[in-house]
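Remarks on the structure that follows.
The values are calculated or read from the model by the stated rules, or taken from the named source; none is laboratory data. Computed from a predicted model, the values in this text were never measured in an experiment. Cβ placement follows ideal geometry from the backbone for every residue including glycine, while neighbour counts extend to all protein chains displayed. Just so you know, the surface numbers come from the protein's heavy atoms only, side chains and all, with ligands and any DNA or RNA stripped out. Shrake-Rupley method; radii C 1.70, N 1.55, O 1.52, S 1.80 Å.
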Amino acid sequence: MMEPTKAQYLFLNGGFAPYDKAKIHVLTPAVKYGATVYEGVRGYFAEENSNIYLFRLNDHLKRLYQSMEMAWMKPPYSLDEFRQHTIDTVKKNEFHRDIHIRLMVFVQSDDGSMTSQEPVGVAIAALPMDRSSSKSETGLHCGVSSWRRISDASTPPRIKCAGNYQNSRLAGIEATNHGYDNVLILNENGKLSEGAGSNVFAVRKGIPITPAVTNNILEGITRDTLIQLFKEKHSLKTEERDIDRTELYVVDELFYCGSAMEVVPIISVDKHPIGGGKVGQLTQAIKKDYLDTVRGKDRTPVDWRTPVY
Ligand code: PMP
């Protein structure tokens, strides 16, 4: 059987809709005001038993619940129901390859107001996805954005909300226009926050460092995984703290991390080479640890890998 190259069906509001028919009204608050919370989850194909394992699905669902709570959307399903609908969406498409799943919860009242909270709709899309960056081996040249990261005092980045990505979009497009591969965004205090759609780690004098959860970041699940892996595999405690713009220029190693991104090295910032412009050793090591973990090659906690079939 040929492996599907795109999704045939999406889960939409309780049933499956063919890809081209998975539509909501253009006047929903989801479209008008960005009233959508969502998650992006990777599924890793295992050759040996032809199964797909969804990485940390339960933690993604917990964060989705937190986003719904903060964004005043009532969960239309229990956590178990969300989990089952997610699994069924992958099954329905008969995927046997690496995939990426987007779970979306949105306010879908027809022509609803800015403050409307219901009805709440749910869409789940499972799509084929290989590595997200063609430069995931060689590393990226990045620029610091002139845009500041949104703040917990206005548009909280802790909520994984579609509207928040306007900030990421402006920063990402600016970086591309300036000839960079990707972007680093500072918070309102001028300290590093994160990338457009990923968290950031640095290594300085052998110590992993990452912005604290109070630096206006999304509390990334990959970030949490890497903090655990640095401890378990390398006996290294990650420092969660402020990082200045100029500290970025003098660190030994730097990389992005996220569910879709996985681990992608950064080899220059604002044209300053990082680690002599080469991918760092600890970056390479933690990247391998991460990829082994998501594929279950390395004593991965059972709860971190949800089988589809
Ligand atoms: N920050 C932002 C803004 C993101 O969009 C993402 C991707 N979801 C991340 C960080 C990384 O989060 P995670 O590791 O949970 O995918």
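In this structure, residue 177 qualifies as more than 14 Å from the ligand (Cβ to nearest atom), without any contact (Cβ under 8 Å) to a residue 24 or more places away in the chain, under 22 Å from residue 133 (Cα atoms) and out of contact with any strand residue (DSSP E or B) (no Cβ under 6 Å at 6 or more places or on another chain). Among all residues of region 138-158, there is none that is more than 15 Å from the ligand (Cβ to nearest atom), small (Gly, Ala, Ser), open to solvent by less than 70 Å² (accessible area, probe 1.4 Å) and free of Cβ contacts under 8 Å to residues at least 60 places away in the same chain.
There is at least one residue in region 46-56 that is in contact (Cβ under 8 Å) with a residue 40 or more places away in the chain, open to solvent by 50 Å² or more (accessible area, probe 1.4 Å) and over 17 Å from residue 158 (Cβ atoms). Of all residues in region 202-245, those satisfying the criterion of being in contact (Cβ under 8 Å) with a residue 60 or more places away in the chain, within 11 Å of the ligand (Cβ to nearest atom) and open to solvent by less than 10 Å² (accessible area, probe 1.4 Å) are 217, 222, 225, 226. Within region 264-286, being within 19 Å of residue 227 (Cβ to Cβ) and surrounded by fewer than 22 Cβ atoms within 10 Å (Cβ to Cβ) holds for 281, 282, 284, 285. Of all residues in region 185-201, exactly one satisfies the criterion of being surrounded by 21 or more Cβ atoms within 10 Å (Cβ to Cβ), more than 12 Å from the ligand (Cβ to nearest atom) and assigned to a loop (DSSP other than H, G, I, E, B), namely 187. For region 259-274, the set of residues classified as within 16 Å of the ligand (Cβ to nearest atom) and more than 17 Å from residue 137 (Cβ to Cβ) consists of 259 only.
On the stretch given as region 29-52, residues that are hydroxyl-bearing (Ser, Thr, Tyr) and in a strand (DSSP E or B) total 3. From the list 177, 167, exactly one residue is polar (S, T, N, Q) and open to solvent by less than 30 Å² (accessible area, probe 1.4 Å). Which is it? Testing whether each residue is polar (S, T, N, Q) and open to solvent by less than 30 Å² (accessible area, probe 1.4 Å) leaves just 167. Taking the conditions exactly as written (of a type outside the set (A, V, I, L, M), closer than 17 Å to residue 144 by Cβ and within 16 Å of the ligand (Cβ to nearest atom)), does residue 255 satisfy them or not? Yes.
To keep it simple, each residue is scored yes or no on (1) among the hydroxyl-bearing types (Ser, Thr, Tyr); (2) within 16 Å of the ligand (Cβ to nearest atom); (3) surrounded by 14 or more Cβ atoms within 10 Å (Cβ to Cβ).
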residue	(1), (2), (3)
6	no, no, no
18	no, no, no
21	no, no, no
30	no, no, yes
40	no, yes, yes
69	no, no, no
73	no, no, yes
102	no, yes, yes
113	yes, no, no
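Checked against the criterion of being of a type in the set (Val, Ile, Thr) and part of a helix (DSSP H, G or I), region 161-175 has at least one qualifying residue.
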